[in-house]
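Visitor: Before we start, here is the structure in question, set down as structure tokens.
Taken together, the values in this text are just the output of simple stated rules run on the coordinates, not laboratory data. Here the structure is a predicted model, which means the values were calculated and not measured. Glycine gets a Cβ as well: all are built from the backbone with ideal geometry, and neighbour counts include every protein chain shown.
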Amino acid sequence: MIRSPRSKSSMQRACAAALLRTGITDIVYPGHSQDDKAAMDVIGRLGAILERDVSAGDVLRVRSEGVRPAGDQIHCGESGLGIRMFTPLAALSGKQLTITGSGSLVSRPMHFFDAIFPQLGIRIQTNGGKVPLRVQGPLRPADIEVDGSLSSQFLTGLLMAYSAAGASEVEIRVRDLKSKPYIDLTLDVMRAFGMHVPANHGYERFYFPAPQSVDQPAVLRYMVEGDWSGAAFLIVAGAIAGNLRIEGLQRDSSQADKAILTALNAAGVEYRWEGENLFVLRGVIAAQRGDRIGIQAFSFDATECPDLFPPLVALAAYANGISEIRGASRLTHKESNRALTLQEEFGKLGVRIDLEGDLMRIYGGTAPRGAVTHSRHDHRIAMALAAAGLHATSPVLIEEAQAIGKSYPDFFTDLQQLGVHADIHETESIEQP
């Protein structure tokens, strides 16, 4: 049995909410990915005091009096959610702050802030719509309309910032919102922290009524969910390489990537819940170096859950026939251009991928071949290549596979519980069991 990693989507939102909450918050089962650590560093720089409460088990204790920056620099690591969520929160302060990032974050678009912040009384200067960002508030909630087509992460930051600023009888109107389940998760976290939560009118209007006082516990306790995004790779690994039982996932989660179960249904992969544990049955049956493939070609729309593209491409590589996944246009501004990266890196494994506008076609039917591949410094590409290599005809070498640390640093260790042989050096090689 493998315990799912902690959800960085849940963990980062919990860090933000704990910063905004006056008092003490205990975050139970905090994550330890690079994005999680970046979020903890950010809230520390914005005034929170963090400590590990060893006596209470795996708990991160956060003490906060709201946004009170300790300096004038904030570094968000390589987290897209981090910079898009924390920048509006930083603008709650009247202090001028410089917000930076690293890796792929330096090339990811932030022009959203140029368009929206002046409407909220915030001074903003960007580097042509990219980092570094220089902001100075304080943010003043107002009726605005935003474009949600690039990412829901900008809206997450605004919803939390409006709530903390005491927004009253104002609304945020949204055009073409993508990844709606992530907004559901944001609203769930806000409710759990007793924040002022807006009324959601069909994901097109978020209306903040006059705030009401809410009794707050002396110590608020929040448990970080298991991560459906990371678990998706384990689920696919189980379907490819062997029966797998996963614990720690929330069956009624708002996380978008729980839709991996819908994709399994479409692919004919069997799974079942055993209490609170998810059991995935193997879909590929080995027969003395020849594989009988029991995974069906499938169609799936990943527009609302684009992070499922990498694990689903690995699953499709083993499916009978041509699988189709919609939503490829959502992959451009990730850690890499994931559509092209998947096409190129899986091509090295002999897996043909065609791109046609918003549609990706994956040609399965035969086991991938061994090859030297590269993560492109993208954590999900590294994990997808590893999953694809589990039943390859020869070993798969993944260069720069340490990129997994961004979201799931224990991934290769957990794979070893499936009987996978993984040699982890400067690069990581994954061999079939």
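Visitor: Can you give me the three principal axis dimensions of the stretch 166-244 from its C-alpha atoms, in Å, biggest first?
Guide: That gives 54, 39, 12 Å along the principal axes, largest extent first.
Visitor: What's the extension gain from residue 221 to residue 125 if we count 0.36 nm per residue and subtract their Cα-Cα distance?
Guide: 30.8 nm
Visitor: How large is Rg/Rh for the stretch 323-429, to two decimals, with Cα atoms and a Kirkwood Rh?
Guide: That ratio equals 0.96.
Visitor: May I ask you to derive the relative contact order of the stretch 228-431, considering only C-alpha pairs under 8 Å and at least 6 residues apart, and to give it as an integer percent?
Guide: Reported as a whole number, the value is 17 percent.
Visitor: Restricting to the stretch 228-431, what percent of DSSP beta bridges are antiparallel, rounded to 5?
Guide: Beta bridges within the stretch 228-431, antiparallel portion: roughly 80 percent.
Visitor: Right, next: Please report Rg (one decimal) and Dmax (integer) in Å for the Cα set of the chain.
Guide: In Å, with Rg to one decimal and Dmax whole: 21.7, 68.
Visitor: Calculate the tail of P(r) for the stretch 28-152: the fraction of all Cα-Cα distances greater than 20 Å, expressed in %.
Guide: When every Cα pair of the stretch 28-152 is considered, 46 percent fall beyond 20 Å.
Visitor: Residue 178: which lysines have alpha carbons under 20 Å from its alpha carbon, excluding same-chain residues fewer than 8 sequence positions away?
Guide: 8, 258, 334
Visitor: Against the empirical 2.2 N^0.38 Å scaling, what ratio does the C-alpha Rg of the stretch 228-431 come to?
Guide: 0.91
Visitor: Where the only charges are on Cβ atoms (+1 Lys, Arg; -1 Asp, Glu), what is the dipole of the stretch 2-214 about its Cα centre, to the nearest 20 debye?
Guide: Once rounded to the nearest 20, the dipole reads 260 debye.
Visitor: Ok, one more. I want the antiparallel fraction of DSSP beta bridges within the chain, as a percent rounded to 5.
Guide: Restricted to the chain, the bridges split so that about 70 percent are antiparallel.
Visitor: For the chain, the longest stretch holding no trypsin sites (Lys or Arg not before Pro) located in a DSSP loop with at most 12 other Cβ atoms within 10 Å is which?
Guide: 1-250
Visitor: Let me ask you something else. Per the Debye formula with a single identical scatterer at each Cα and no solvent contribution, what log10 I(q)/I(0) holds for the stretch 2-214 at q = 0.15 Å⁻¹?
Guide: Evaluating at q = 0.15 Å⁻¹ gives log10 I(q)/I(0) of -0.92.
Visitor: Out of all DSSP beta bridges in the stretch 2-214, what portion is antiparallel? Express it as a percent rounded to 5.
Guide: 75 percent
Visitor: For the chain, what is the relative contact order in percent, using Cα pairs closer than 8 Å and at least 6 residues apart in sequence?
Guide: Reported as a whole number, the value is 13 percent.
Visitor: Pop a pseudo-label 7 angstrom from the Cα along the beta-carbon direction at both residue 200 and residue 134 and give the gap in nm to one decimal.
Guide: Calculated label separation equals 3.8 nm.
Visitor: Next question. Which ³J(HN,Hα) values in Hz, rounded to whole numbers, follow from the phi angles of the stretch 22-36 under the Karplus curve 6.51 cos²θ - 1.76 cosθ + 1.60, where θ = phi - 60° and Gly and Pro get x?
Guide: Going residue by residue, I get 7, x, 10, 10, 9, 9, 8, 6, x, x, 9, 6, 4, 5, 5 Hz, with x marking Gly and Pro.
Visitor: Counting only residues 5 or more places away or on other chains, whose amide H sits under 5 Å from the amide H of residue 407 once H atoms are built in the peptide plane?
Guide: Those lying under 5 Å, H to H, from residue 407 are 34.
Visitor: List the relative contact order of the stretch 102-190 as a percent without decimals, with contacts defined as Cα pairs under 8 Å and 6+ residues apart.
Guide: The normalised contact order for the stretch 102-190 reaches 24 percent.
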